[in-house]
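Below you'll find the structure, written out as structure tokens, and then a few comments.
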Amino acid sequence: MTMAEQQKRVLLQGNEAIVAGALAAGCRFFAGYPITPASEISELLSLKLPELGGTFIQMEDEIASMGAVIGASLAGTKSMTATSGPGFSLMQENIGYACITEAPCVIVNVMRGGPSTGLPTSPSQGDVQMARWGTHGDHPIIVLAVSSVSDCFSVTVKAFNLSEKYRSPVIILSDEVVAHTREAVALPDADQIRIIDRITPGVPPEWYTPYADNNRGVPDMAAIGDGYRHHITGLIHDDRGYPTQVSQEVEKFYKRIHEKISKGFQEIQITKTYLMEDAELFVIAYGSVARSALKAVRDARDQGVKAGLLQLITLFPFPRKCVDIYLRQCRAVIVPEMNMGQISREVSRVNQANCRIVKHNRIDGHLISPDEILKHLATV
Amino acid sequence: MLERAEIIRKEYLRHDKKFPHVWCPGCGNGIVMGALLRGIHGLNLSKDEVVLASGIGCSGRMPTYIDFNTIHTTHGRALTFCTGIKLAKPELTVITVMGDGDATAIGGNHFIHAARRNIDLTAIIINNSTYGMTGGQYSPTTPFGSKSTTSVYGHVEHAFSIAELAVTAGASFVARGTVYHAVHLEEMIQQAIRTRGFSVVEVISNCHVQHGRRNKLGGAVEMITSYKENAVLVGKAAKMSPEELEGKFTIGVLANVKKPISTEQYQRVIVEARKNSHKNSSEKEKNGIKRYEE
Amino acid sequence: MTNNDKNTNAEKEPPASTPKSAKKKRKLYTVTFFHNWCKSCGLCSAFCIKKIILKDETGRPYIEDMDSCTGCRFCEIHCPDFAITIKNRHPVRRSTDDNG
């Protein structure tokens, strides 16, 4: 580590790193509602946003928070909200609205034990499938997971970039442990961060078709109030944005919003591998569990077991291609999760190689320790 | 020279949108829409600076037909979207059209909090005492004893008085009008839009197809005539005895108070916060990350 | 206030084209119905103070006695379907001058 890098190191909590990442990515609007263990994000942004000319508002509930976030986004401002399970449940209605109107926005869900009020101060990964399928109807969505404080920064930047590029809500799944862990991290300089902004119309208003398809499948986006008057609706709409029930138009709409994500799989599906080149068995992990898994893999290697780690940053769209490669390469995979098996489900779904899948689920509100994973690695 | 009605049709209605609109024959929504457009036209606002939002229901269809920046949101949440839009672009004139169920049942919390917050929005609430689009179920403004598809034995609950609710919740401007008094309504809407701060116009409107039919209130003509007979101007009502006011309702301006507006107050917060941040971190700034290095 | 817009167009309009010989300057109006937009709700005919808006057998409004229209515009502003326009009518002096 160079001196310069060392000087840049700061002691941050996961929630604080998310704030730093959001601000670096250009987030200038936040609406939220207090909830443990996500409140620090609200608190810090209420301090920082006005300094940057941005806006913070505490709404009357999470439904309203999500509505305000979408409103601000449609008006051209990069927007975010942060919550935990119970609030995330309330947000689902308007997350669907963001999907159908293709409003870029970032939703941080600091997971705690559920359902309902559950275990407010304990970590969990119980909202994984909900993040994918929480709102009703067929919809594409991007779900990312953070495992460390430095992840919190970089993944948040990434989340904003993906949401702007694909005009889709992006959900960041954190958990109570990542949120409240303090670590020394080196944050990159502003000029080292790649920031993507939504593409605005390149034609005069009278030529603008708000939902016209293009080769990316992502229509150019005019902000409310920029002279491109158009209609935005939560109904299935045609290219002009008007409600439609014409079957060809309805099908075309659904296909486009799904395909715009699948066209970007290569960029959206982010994974990290560790010692996977010669691995014979591996761990698929995400969130705080990935850190335990990393330690377990190292320990296993020390014991001569050819273990590897595939860490999922992107949970959905599920990185099938990447997982598939390693399922074919290895004889067994261990999927440790702080839930009853929400990602192991996905792994089973894509497993065509008859790779043995070993689930390890812990739901007592405590972290999965490296030893627990190591035990599997040593015995499988 | 074009007549005003022609200007309204030519300038404000969407020409690529199919007319006639979806509402039933004689529905008050069309009258409210006319009053709204004439009101806005009279204020000389450019179409680009007006945002018209709605929730779900019959009223929710209104923005589709009008050539502003229009947004048809989720049920009851229109005010939350408008809050985001207004905060992101304070220079816009943001107007919400809601129904009684939309605004005070599913969106009741958002409604009272928008009023409490006194954010600079205009809410037009078309109160037809029922959920028309879903088939005439009872709403928060269905009168006690009335019949609806979900109160076939007569309604056992009591109705909200929307305008009074808005006054209590702290709105800057509150008025009530009816679809009979369309010119008056236009004035109320204009005043509401001109008012900085949260302003509410409750419009008593007719759903003769659902509410009227089930309660033997007659058709559109009879219902609208009853507003003519039962509406009393606020000033006049003050001089009337409770007995005289039996079965009547007031129209006109119910509240018009000056108080700090959250949208404007927040602009001050930004100025203040910027001053502080410059003081604290002389040359560092720009993107917020560097603030953590201190 | 925008009172200038409010039902007073007729007053502002200089009665330039009224025949000088007219005994009183009673203004004339033309009421146009867009039947494609009209849903025959009957509000216009019910509330017409002069009761000149009649309904045909299908309920569509029409006016025979156009000269009796006072230009109050009640029907115009209460038409939920934007299907009525009222215009000042200037008595025809030349056959080509057809404003209505």
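The values are calculated or read from the model by the stated rules, or taken from the named source; none is laboratory data. Remember, it's a predicted structure, so these values are computed and weren't measured experimentally. Because the Cβ atoms are built from the backbone with ideal geometry, glycine has one as well, and the counts that use them run over all protein chains shown. Ligands, DNA and RNA are stripped out before the accessible areas are found, and what is left, the full protein with its side chains, is counted by its heavy atoms. Shrake-Rupley method; radii C 1.70, N 1.55, O 1.52, S 1.80 Å.
Odds and ends about this structure:
- Checking the stated criteria, residue B:227 turns out to be surrounded by fewer than 21 Cβ atoms within 10 Å (Cβ to Cβ) and within 12 Å of chain C (Cβ to nearest Cβ).
- Flag if residue A:94 is assigned to a strand (DSSP E or B) and at pLDDT 95 or above: no
- Residue in region A:31-46 that is touching a residue at least 40 places away in the same chain (Cβ under 8 Å), more than 18 Å from residue A:143 (Cβ to Cβ) and facing another protein chain (nearest Cβ under 8 Å) present: yes
- Test: residue A:209 is within 14 Å of chain B (Cβ to nearest Cβ) and either free of Cβ contacts under 8 Å to residues at least 40 places away in the same chain or touching a Gly at 6+ places or on another chain (Cβ under 6 Å) (or both): yes
- Across region C:52-87, the qualifying residues are those that are away from chain B (no Cβ under 14 Å) and assigned to a strand (DSSP E or B), and the one among them that is surrounded by the most Cβ atoms within 10 Å (Cβ to Cβ) is C:63.
- Helices (runs of 4 or more DSSP H) contained in region B:167-255 and holding at least 2 residues free of Cβ contacts under 8 Å to residues at least 12 places away in the same chain: B:220-230, B:234-238
- Complete set of residues in region B:148-160 that are at pLDDT 95 or above and in a loop (DSSP other than H, G, I, E, B): B:149, B:150, B:152, B:153, B:154, B:155, B:156, B:157, B:158, B:159
- Number of the condition not met by residue A:279 [criteria: (1) open to solvent by less than 10 Å² (accessible area, probe 1.4 Å); (2) farther than 22 Å from residue A:125 by Cβ; (3) in a helix (DSSP H, G or I)]: (3)
- Exclusive hit being more than 7 Å from every other protein chain (Cβ to nearest Cβ) and either closer than 21 Å to residue A:171 by Cα or outside any loop (DSSP other than H, G, I, E, B) (or both), set A:72, A:17, A:24, A:68: A:17
Residues are listed down the side, and each one gets a yes or a no for (1) modelled with pLDDT of 95 or more; (2) within 21 Å of residue B:17 (Cα to Cα); (3) charged (D, E, K, R):
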| residue | (1), (2), (3) |
| --- | --- |
| A:141 | yes, no, no |
| A:147 | yes, no, no |
| A:162 | yes, no, no |
| A:226 | yes, no, yes |
| A:232 | yes, yes, no |
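- Considered as a group, the residues in region A:212-236 that are in contact with an Asp or Glu (Cβ under 8 Å, 6 or more places away or on another chain) and open to solvent by less than 10 Å² (accessible area, probe 1.4 Å) include one that is nearest to the other protein chains (Cβ to nearest Cβ), and that residue is A:221.
- Some residue of region B:158-178 being open to solvent by 30 Å² or more (accessible area, probe 1.4 Å) and over 17 Å from the mean Cα position of the chain (by Cα): yes
Conditions (1) more than 14 Å from chain C (Cβ to nearest Cβ); (2) more than 30 Å from residue C:34 (Cβ to Cβ); (3) assigned to a helix (DSSP H, G or I); (4) modelled with pLDDT of 95 or more, marked per residue:
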| position | (1), (2), (3), (4) |
| --- | --- |
| B:15 | no, no, no, no |
| B:23 | no, no, no, yes |
| B:44 | no, no, no, no |
| B:62 | no, no, yes, yes |
| B:74 | yes, yes, no, yes |
| B:94 | yes, yes, no, yes |
| B:97 | yes, no, no, yes |
| B:104 | yes, yes, yes, yes |
| B:123 | yes, yes, no, yes |
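- Exactly one residue out of A:363, A:373 is aliphatic (A, V, I, L, M), open to solvent by 60 Å² or more (accessible area, probe 1.4 Å) and not assigned by TED's automatic domain parsing to the domain that holds residue A:151: that is A:363.
- Region A:38-53, residues that are crowded, with 22+ Cβ neighbours inside 10 Å and touching a strand residue (DSSP E or B) at 6+ places or on another chain (Cβ under 6 Å): A:38, A:41, A:42, A:45, A:49
- Of residues in region B:25-42 being surrounded by fewer than 22 Cβ atoms within 10 Å (Cβ to Cβ) and facing chain C (nearest Cβ under 7 Å), the one nearest to residue B:93 (Cα to Cα): B:42
- Residue under evaluation residue C:25, criteria (1) open to solvent by 40 Å² or more (accessible area, probe 1.4 Å); (2) at the interface with chain B (Cβ under 10 Å from one of its Cβ atoms); (3) of a type outside the set (Phe, Trp, Tyr), criterion not met: (2)
- Just so you know, in region B:1-13 the residues that are at the interface with chain C (Cβ under 9 Å from one of its Cβ atoms) and under 24 Å from the mean Cα position of the chain (by Cα) include one that is surrounded by the fewest Cβ atoms within 10 Å (Cβ to Cβ), and it is B:13.
- Considering region A:237-255, the residues that are of a type in the set (Asp, Glu) and touching a residue at least 24 places away in the same chain (Cβ under 8 Å) include one that is most open to solvent (accessible area, probe 1.4 Å), namely A:239.
- Residue, most open to solvent (accessible area, probe 1.4 Å), within region A:55-65, restricted to residues that are under 24 Å from residue B:274 (Cβ atoms) and more than 8 Å from chain B (Cβ to nearest Cβ): A:58
- Qualifying residue in region A:172-194 (condition: in contact (Cβ under 8 Å) with a residue 60 or more places away in the chain, more than 22 Å from residue A:80 (Cα to Cα) and buried (at least 21 other Cβ atoms within 10 Å of the Cβ)): yes
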